[in-house]
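Structure, as structure tokens:
The values are calculated or read from the model by the stated rules, or taken from the named source; none is laboratory data. A quick note: this is a predicted structure, and the numbers were derived from the prediction, not measured. Here the Cβ is made from the backbone with ideal geometry for all residues, glycine too, and neighbour counts use every protein chain on show. Remember, those area values only see protein heavy atoms, side chains included, never the ligands or the DNA or RNA. Shrake-Rupley method; radii C 1.70, N 1.55, O 1.52, S 1.80 Å.
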Amino acid sequence: MTSTTRERPRKRLRTPAPLGGRGPMPGGTQRRLTAAAFLIPGLTILVVFVGWPMVSALRLSFTDASGFGAENFVGLDNYVRVFTDPDILQSIGNTALYSVLFTPLAVIVALLLAVALNNPRLPWRGFFRTTLFLPFIVSLAVAAFAWQYLLDPQIGLLNYWLRGAGISLGNVLQDPALAMPTVVLVAVWKNFGFYMVIFLAGLQDIPGSLYEAAKMDGANAWRRFTNITLPQLSNTLAFVGIVALIAALQAFDQIYVLTGGGPYRSTQTVVMEIYESGFKDLDLGFASALSYVLLIATLILSLVQFGFAGRREKDAS
């Protein structure tokens with residue numbers, strides 16, 4: 001007796017559904033949802049604490065808001081006052097002078113120290129790097145208080161040491177000609193360590209083979225610096241320059257502590273004007289308008305500096 005065996009069709013096994021009864025999502029959808037889950041908290045913080053205050057400040061800049069009572073629309077009056085008030089124009093000039101003094105000085109000092117500390121034959125490199133970076137960790141207001149006592153004409157250590165050498169420094173913080181350079185030097189002392197670390201990172205990315213080839217060709221240290229180091233650091237120089245420029249345009253802490261904008265408004269900056277207009281005079285509309293003028297000026301200067309650095313990099317390549 002013969003029997004025929006029939007083959008039963010095999011059933012395809014399905015992937016078990018996850019908890020909840022839903023099947024797996026497509027890869028693209030899942031990636032988008034994951035990205036949105038990470039982005040939404042950060043975007044929410046930006047919108048609430050940055051976006052909305054900027055929109056509110058823009059609205060206030062067209063009003064005579066004082067924080068109390070009704071707000072009246074005044075159009076462009078606040079912006080016209082920014083460019084016609086003699087005191088505000090003096091503050092803008094002081095800010096420009098501060099930026100011209102601080103930005104190149106801080107960048108040059110940081111670059112030279114970074115080049116010196118990048119030398120592998122220098123002993124105690126780690127110690128010097130840490131020591132020079134320490135001022136940046138200190139609060140600028142605390143550093144300004146310390147320098148205020150150091151520069152005091154009666155009890156200041158700096159004046160005491162200089163008198164021993166036969167030099168009379170005097171009260172530089174009350175001298176209209178010396179107050180601004182003194183404030184700039186304090187800011188440079190406070191910030192150059194941060195810029196130095198950025199330059200050190202850029203220097204360590206430069207291939208050592210370039211310097212070895214230059215030495216074989218007989219290039220001295222200055223030629224190696226101008227023909228290798230500076231071109232290779234063009235992007236880093238642009239970044240540090242823009243960061244230093246933005247810090248200069250926002251100068252407030254050390255000026256508020258050291259001079260309070262004096263003497264005779266010789267160190268009064270735009271940010272000092274914003275602070276006094278908004279919190280002392282309660283002229284929130286004008287303070288908002290001045291803030292937006294400063295914002296636009298910062299954006300324009302940053303774009304110009306980026307464009308200049310990009311053009312130099314293209315010419316070098």
Pair list, Cβ under 8 Å, 6 or more apart: segment 182-193 residue in contact (Cβ under 8 Å) with a residue 24 or more places away in the chain, other residue open to solvent by 10 Å² or more (accessible area, probe 1.4 Å) and of a type in the set (Gly, Ala, Ser): ALA187/ALA247; ASN191/ALA247
Subset of segment 79-103 (residues that are touching an Asp or Glu at 6+ places or on another chain (Cβ under 8 Å), of a type outside the set (Gly, Ala, Ser) and open to solvent by less than 40 Å² (accessible area, probe 1.4 Å)): ILE88
Helices (runs of 4 or more DSSP H) (entirely within segment 170-253) containing at least 1 residues that are under 27 Å from the mean Cα position of the chain (by Cα): 179-204, 234-249
The listed residue being open to solvent by less than 40 Å² (accessible area, probe 1.4 Å), under 21 Å from PHE192 (Cα atoms) and touching a helix residue (DSSP H, G or I) at 6+ places or on another chain (Cβ under 8 Å), out of ALA219, ALA251, ALA289: ALA251
Hits in segment 62-73 (condition: open to solvent by less than 60 Å² (accessible area, probe 1.4 Å) and over 17 Å from LYS280 (Cα atoms)): PHE62, THR63
Some residue of segment 77-95 being in contact with a Leu (Cβ under 7 Å, 6 or more places away or on another chain), of a type in the set (S, T, N, Q), within 30 Å of PHE225 (Cβ to Cβ) and not in a loop (DSSP other than H, G, I, E, B): no
Residue identified as more than 30 Å from PHE239 (Cα to Cα) and either open to solvent by less than 50 Å² (accessible area, probe 1.4 Å) or in contact (Cβ under 8 Å) with a residue 60 or more places away in the chain (or both) among GLY156, GLY164: GLY156
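Quick one: which residue in THR29, THR44 is part of a helix (DSSP H, G or I), out of contact with any strand residue (DSSP E or B) (no Cβ under 8 Å at 6 or more places or on another chain), of a type outside the set (A, V, I, L, M, F, W, C) and at pLDDT below 90?
Values: THR44 fails: at pLDDT below 90.
Going through THR29, THR44 in turn, the sole match is THR29.
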